[in-house]
Amino acid sequence: MLENLKKYWFVGLIVLVMVVGTIVFSKEQLNSVFKGKKVDGKDLIYEIAEESKNADDYYAEIIKDHGGSEGYKLFERLVLNSIETSDELKEQAQKDADEHLKYTSAQGTAKVKELETALIQSGYSGLKELNVFYENAGKILQIERDYIDANGGEALESYFETNSPRIVSHILVKMEDPENPTEAEQKLLDEAKAALADGMDFKDAAIKFSDDGSATEGGLIGFLDKNSQFVPEFIKNSISTESGQLSEWFTSQYGQHIVLVGATDYETLKSEDKFIEAVVTYNPEFKFHALWEKAQSLEIDFKDAELEKQIKEYMKIEGVE
């Protein structure tokens with residue numbers, strides 16, 4: 001469900017049912033079968049092959065099996081709640097939440113219910129905390145950005161070498177059949193080519209000639225790397241073009257394109273949310289290490305050594321102090 005929560009840039013949260021919800025639901029269901037029955041003075045939850053299990057046994061098994069994942073969610077929320085939310089982030093989060101709820105509502109009440117369920121399963125109280133979800137998503141990105149900036153090192157270099165991240169803009173002359181353009185399509189393409197050859201600014205040319213939705217932004221697509229979701233021809237020509245340069249015109253299923261490659265340097269790219277997400281996807285351990293480091297800076301401490309151990313094992317940060 002949560003893959004749809006972030007309409008624009010959110011990627012990668014894992015849906016895990018809250019232990020509290022599991023316990024409450026299970027206790028209500030099982031008590032309807034063994035209601036009022038006790039063994040050794042303790043409420044009976046279930047019996048298997050004449051072996052009785054009481055509430056204490058049941059809760060202990062859940063904590064044993066899911067303590068790390070569920071403890072992590074509580075730990076993550078505690079860290080994020082300990083970070084002050086800027087007015088700018090609050091405003092943007094509320095805007096994103098309103099747009100998302102409007103978008104979801106247009107798909108019907110069932111989709112709204114799915115959204116609310118996903119939020120509850122992820123530790124939020126429902127739709128009224130959709131804005132908090134967006135606030136936390138923004139905080140996580142900033143935590144990861146700070147961590148990458150301080151600790152990226154060789155892993156970051158490897159990402160750049162492997163994935164060739166960059167900012168790109170483009171012009172598309174759309175064609176029904178790119179191999180056999182109509183007279184009008186060919187005329188528009190020729191005019192676009194001539195305008196660029198005569199020195200027209202790329203942004204102005206995109207606004208005037210491009211059939212892509214990015215035309216209103218001067219052709220700006222934004223962040224892209226080798227793994228971005230574009231047609232292969234677009235990725236190939238974007239990646240093979242140097243910073244500040246124009247690609248050759250090329251054909252895709254949509255028509256004729258030309259790409260302008262902008263920044264390819266880390267200092268510019270690090271402000272891009274999609275870049276941070278891509279780096280963390282390439283180095284998934286960054287997510288947990290970044291959060292752990294932030295927790296240490298906030299002096300968040302554990303009172304339960306076993307819970308701390310389970311959370312650290314779940315985060316795979318053994319040895320990180």
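Numbers for the structure displayed
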item	result
Number of the condition not met by residue 31 [criteria: (1) at pLDDT 55 or above; (2) over 20 Å from the mean Cα position of the chain (by Cα); (3) surrounded by 15 or more Cβ atoms within 10 Å (Cβ to Cβ)]	(1)
Residue satisfying condition, being of a type in the set (Phe, Trp, Tyr), within 25 Å of residue 278 (Cβ to Cβ) and in contact with a Pro (Cβ under 8 Å, 6 or more places away or on another chain), within set 250, 234, 202, 223	223
Selection from the stretch 267-321 of residues that are hydroxyl-bearing (Ser, Thr, Tyr) and farther than 13 Å from residue 148 by Cα	268, 297, 314
Number of positions in the stretch 183-202 that are part of a helix (DSSP H, G or I), among the charged types (D, E, K, R) and surrounded by fewer than 16 Cβ atoms within 10 Å (Cβ to Cβ)	4
Residue pairs meeting the criteria (Cβ under 9 Å; at least 6 apart or on separate chains; first without any contact (Cβ under 8 Å) to a residue 24 or more places away in the chain, in the stretch 230-241; second charged (D, E, K, R))	235/225; 235/226; 237/248; 241/166; 241/248
Pairs, first closer than 15 Å to residue 135 by Cβ in the stretch 92-108, second surrounded by fewer than 16 Cβ atoms within 10 Å (Cβ to Cβ), C-beta under 6 Å, six or more apart	100/7
Any hit, the stretch 131-147, residues being over 21 Å from residue 272 (Cβ atoms) and either hydroxyl-bearing (Ser, Thr, Tyr) or surrounded by fewer than 16 Cβ atoms within 10 Å (Cβ to Cβ) (or both)	no
Positions within the stretch 228-241 being at pLDDT 95 or above and exposed (fewer than 14 other Cβ atoms within 10 Å of the Cβ), in sequence order	231, 232, 240
Residue within the stretch 153-164 that is open to solvent by 70 Å² or more (accessible area, probe 1.4 Å) and in contact (Cβ under 8 Å) with a residue 40 or more places away in the chain present	no
Number of positions in the stretch 263-282 that are in contact (Cβ under 8 Å) with a residue 40 or more places away in the chain and either charged (D, E, K, R) or surrounded by 19 or more Cβ atoms within 10 Å (Cβ to Cβ) (or both)	11
Residue among 107, 94, 121 that alone is within 16 Å of residue 76 (Cα to Cα) and open to solvent by 30 Å² or more (accessible area, probe 1.4 Å)	121
Filtered residues of the stretch 205-219 (kept if part of a helix (DSSP H, G or I) and either among the β-branched types (Val, Ile, Thr) or open to solvent by less than 50 Å² (accessible area, probe 1.4 Å) (or both))	205, 206, 207, 209, 214, 215, 216
Number of the exception - residue 179 against (1) of a type outside the set (Lys, Arg); (2) open to solvent by 30 Å² or more (accessible area, probe 1.4 Å); (3) not in a loop (DSSP other than H, G, I, E, B)	(3)
Residue satisfying all of: in the stretch 242-262; in contact (Cβ under 8 Å) with a residue 60 or more places away in the chain and within 14 Å of residue 166 (Cα to Cα); surrounded by the most Cβ atoms within 10 Å (Cβ to Cβ) among these	259
Any hit, the stretch 155-178, residues being out of contact with any strand residue (DSSP E or B) (no Cβ under 6 Å at 6 or more places or on another chain) and farther than 30 Å from residue 258 by Cα	yes
Among the residues listed as 274, 316, 303, the single one being among the charged types (D, E, K, R) and touching a strand residue (DSSP E or B) at 6+ places or on another chain (Cβ under 7 Å)	274
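Residue-by-condition table, conditions (1) closer than 28 Å to residue 224 by Cα; (2) out of contact with any Asp or Glu (no Cβ under 8 Å at 6 or more places or on another chain):
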site: 108; (1), (2): no, yes
site: 112; (1), (2): no, yes
site: 125; (1), (2): no, yes
site: 166; (1), (2): yes, no
site: 178; (1), (2): yes, yes
site: 193; (1), (2): yes, yes
site: 196; (1), (2): yes, yes
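The values are calculated or read from the model by the stated rules, or taken from the named source; none is laboratory data. It should be emphasised that the depicted structure is a prediction, and the values quoted were computed from it without experimental measurement. A quick note on method: Cβ atoms are made from the backbone with ideal geometry, for glycine too, and the neighbour counts reach across all protein chains shown. When the accessible area is computed, the model is the full protein with side chains, heavy atoms only, and any ligands, DNA or RNA have been set aside. Shrake-Rupley method; radii C 1.70, N 1.55, O 1.52, S 1.80 Å.
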